[in-house]
Every structure is written in C-alpha cells, then in structure tokens.
1. Restricting to region 350-409, and then to whatever is touching a Gly at 6+ places or on another chain (Cβ under 9 Å) and acidic (Asp, Glu), can you tell me which residue is nearest to residue 421 (Cα to Cα)?
2. List pairs: first in region 329-347 and farther than 13 Å from residue 363 by Cβ, second assigned to a loop (DSSP other than H, G, I, E, B), Cβ under 8 Å, 6+ apart or cross-chain?
3. Among the residues that make up region 377-399, is at least one of them under 21 Å from residue 89 (Cβ atoms), part of a loop (DSSP other than H, G, I, E, B) and modelled with pLDDT under 90?
4. In region 186-200, what count of residues is obtained for those that are touching a residue at least 24 places away in the same chain (Cβ under 8 Å) and more than 27 Å from the chain's Cα centre (by Cα)?
5. With respect to the numbered conditions (1) free of Cβ contacts under 8 Å to residues at least 24 places away in the same chain; (2) assigned by TED's automatic domain parsing to the domain that holds residue 62, which one is the sole condition not fulfilled by residue 109?
6. Can you work out which of the residues in region 32-44 that are more than 25 Å from the chain's Cα centre (by Cα), surrounded by 10 or more Cβ atoms within 10 Å (Cβ to Cβ) and not aromatic (Phe, Trp, Tyr) is nearest to residue 301 (Cα to Cα)?
7. In region 79-115, what residues are under 26 Å from residue 253 (Cβ atoms) and in a strand (DSSP E or B)?
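The values are calculated or read from the model by the stated rules, or taken from the named source; none is laboratory data. From a predicted model like this one, the values you see are computed outputs, not experimental measurements. Backbone-built Cβ (ideal geometry, glycine too); neighbour counts: all protein chains shown.
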Amino acid sequence: MKPKLAFIDHSYHKKTRSSVFFEELLARKYEIIRFWDQSWCGGPAVELDGLLRMDFEKYVFWQVLYDADLLKVFPPNKVILLPMYDQVHFRREDFWIQYRDFTFICFCRQLHELLIALDINSHYIQFFPKPHSPKEKLDQGITGFFWSRISAIQWDLIKKLTGQCLYDAFYLHDAPDVDPGITIRPNREDQVLFNIQISEWFPSQQDLVRIMEQANVYFAPRLFEGIGFSFLEAMSMGMCVVSPNNPTMNEYIVSGQTGILYDVNDLRPLDFLNVRDIGKQAYDLIVKGRKKWQQESEKLLDDLMNQGFFDKRSRPDLHSTESITEIIASFAEIPQNARLALYGAGKAGRKFRRNIDVLRPDVRVVCYLDTFKTGKFDGLDIVPFYQAHGNTLHWDHIYVTSIYNKDISRVLRKMKIVHHVVADTLFR
C-alpha cells in the first residue's frame, strides 16, 4: 500500500489544471489526497490542524504559502513547499527566513538561488513539456498569437513591439486569469490593419491548441511566471516566444536564439525576420529539455522518499552583529578610477550613481546587481545576484546601495563574496 500524501493546492487550478503534472508524478509513489485552498477568493483556507490529525506521510503545498508559524504544527521533515515565482517575486530576504525549517522545491532558478544563499533547503528542477509533433508553418510571413491574461500586458504594449510589422493574421485570445473585462481590445482600425481575430475561453485545451498551431509568434502573457506552461507550450510547438526579460521566461529563452526578450520599461520595435529559425531552436530546446525533465523528475521522486531530502542546512542569523567588510561615508573614499557594480536597482542606486557622475567623474558604474530584478535599469544591465561570482562585466568593487543593505550584505557573505562595500548614507 502506498503512503498517503496531502496535496494542498490553489483552487484556481481546478480550472487551469496546471498542477496535475506534478500530482501525477507523486502518484507513482504516494496515494494522493487533494485539498483546495480558496482563501485567495474569499473562501476558506485549508484547516491545518485537521490535516495533522489525518497523519499523512508528506504534506505538499503547491502555490499555497501559509505563514511559517502555522506550518509549525507539522514535523518539518514532512513538509514540502512549492511557491511560484510570479506569486512571490517581490518578497525580500526577511520574508523567506521564517521558512528556514522547511524544504522547498523551486521551478525558478532565481528563487532557488535566493533560498540557497539564505541557507534554506531548496531543490531546483526545470520543467519541460512534451513536444508537439512538428508542423510546417505556412511560408506566408508572420502570424501572431496573444492570450490576454493580465492588465499589464495588453494590445497597446504588443503594438509598440510590433512596429511596422504587419501580420498575415493575429489571434487575440481574451480569457483573463481572474478578472473578466480587463482586456483592452484593439480598436476597429487596428483589427483591420493587423488582421486581428478575437476568441474567448474555450471549453477544452485542444480548441486553444488548434488556434495556436496556426501562429509562429507567441507573445507571453505575463510579466513573471511560476513555471510558464503557456509559453513553454508555444515553444514546444516551434513558435518564437516574445517575452518580458524576467523569470522564468529568461531562464529558458536566450534572446535571438530560442526566443525574443524585451524590457518592459523600454519598449521598442523588435526584429521579427528570424522568427522561423528561432522557433525551430526553441522546439529543439524543448525536445532536449523533455528528456532532462524525465530523468531529473524521477530522481527527485526517489530522493523525496529518503530522509536526506529534508536535511537542513546551517541557519543564517539575520540578527547577527558580525561586521560587514567595509562601510564608507564619503565619496572621497572610493578608489580612484574604480569600476563599480551597484547592488540595488532602485531609487537609492540611481541617486548614488548621479552623485558619482558629479563628484567622482573618474569612477564608472558598469552595472547593477539585484536580488529580484533583471533586464535593464537606468540604462545599465541588471545582473542577477547569483551571477555575482562571474564578474561578467569586470567590475572592481560591489557597492551596496539599498536600504536593505544589512540583509544584502549577509546574502553576499553567504555566497562567499566578502569583499563588498556598504555606501551607508551616501544614497539617502
């Protein structure tokens, strides 16, 4: 008889079925009993004390992140948390540290690297869907597809990316995630000029797939993803995905090779000339990735059965009084002709850079580092913090220019980057 596993899931997934693939994986080893959390829409949360009385072997929380104090009713070595990056991308280090007793599975590398830097037990795995049978796209130009899901990405944004490109057809699927009516549909003039056809929610996934199969360019519908089933499905069909330069999309897409990434804060017309070649490379990536997923998911499942999966790492002490490497209080203290990476892509970092330009013209800021942001800021690249070891842009020093400098300094030390400087009051 299989051991019992409680699968606590976000009730919206009754509609999207986006957690079924992982439930089916677990079902190979466990008897799955599913519980739906409806607190996001004003309904009841899952009653945790009741779950405890049922004595499950494991408790898996899929995109349901209860307060850590509530989860402490369970033995830590029975709890597995699977937050989705689009749900938690704005969370800072001090939020995550409350979960230091628990084990995570992450489908987003950036989130995984953050947890590891905080010495929180995390296992990373990248999902790849089953590739579709390859189909030759028609040779007549460009056909676009966009699924309107959130208010932040609408036709007006896509039109700016489109520039002078004219579509043979453009399919706009009006089926928002939660709030109906958020879609701002193209005006009549644009519908005619860009050959736009509008659809709404389909009763079956296959109906949607049939429409997608007619396109060769897919505009990703969200700013961030937890896994990204919709754009991965498009890649598995040989489409060129056009996406914001954010996780998880930029963890699959190399811009110009397996997709096209853009900066949502710097919209400009994109080059669609090579979308067929890009779509083919995207398809090849999915084919190779699927084999990798099948191997690694089997290993993950086997590891889950072993107690070592839940071994705890050493805990960071966020209240430590350990001194940081260096604190400066004057721009004169910055070494002459230094090349700086500023940790903190925000107002404080921008202000620090402006002061550098005026007071220390011999010093050059070459990039920003950030825990959560990617893309560009203030005209410079944002390097994800977990790539700081790579020193890819050849900076001499890391200067922390953020009000969260204490947390950032601890994260850098956990990553063995001890040579960094806190600018203290220079950005305030």
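1. 370
2. Here the result reads 343/401; 343/402; 344/401; 344/402; 344/404; 345/373; 345/378; 346/402, each pair linking region 329-347 to a residue that is assigned to a loop (DSSP other than H, G, I, E, B).
3. Within region 377-399, the subset under 21 Å from residue 89 (Cβ atoms) is 377-378, 380-388.
Those left that are additionally part of a loop (DSSP other than H, G, I, E, B): 378.
Then drop every residue that is not modelled with pLDDT under 90, which leaves none.
No, region 377-399 contains no residue that is under 21 Å from residue 89 (Cβ atoms), part of a loop (DSSP other than H, G, I, E, B) and modelled with pLDDT under 90.
4. Going residue by residue through region 186-200, those that are touching a residue at least 24 places away in the same chain (Cβ under 8 Å) are 186, 190, 193-200.
So of that shortlist, the ones also more than 27 Å from the chain's Cα centre (by Cα) come out as 186, 190, 193-199.
Result for region 186-200: 9.
5. (1)
6. Within region 32-44, the match that is nearest to residue 301 (Cα to Cα) is 32.
7. 82, 104, 105, 106
Results for (1) more than 19 Å from residue 328 (Cα to Cα); (2) surrounded by 15 or more Cβ atoms within 10 Å (Cβ to Cβ), shown as yes or no for each residue.
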{"site": "345", "(1), (2)": "yes, yes"}
{"site": "351", "(1), (2)": "no, no"}
{"site": "360", "(1), (2)": "no, yes"}
{"site": "372", "(1), (2)": "yes, yes"}
{"site": "385", "(1), (2)": "yes, yes"}
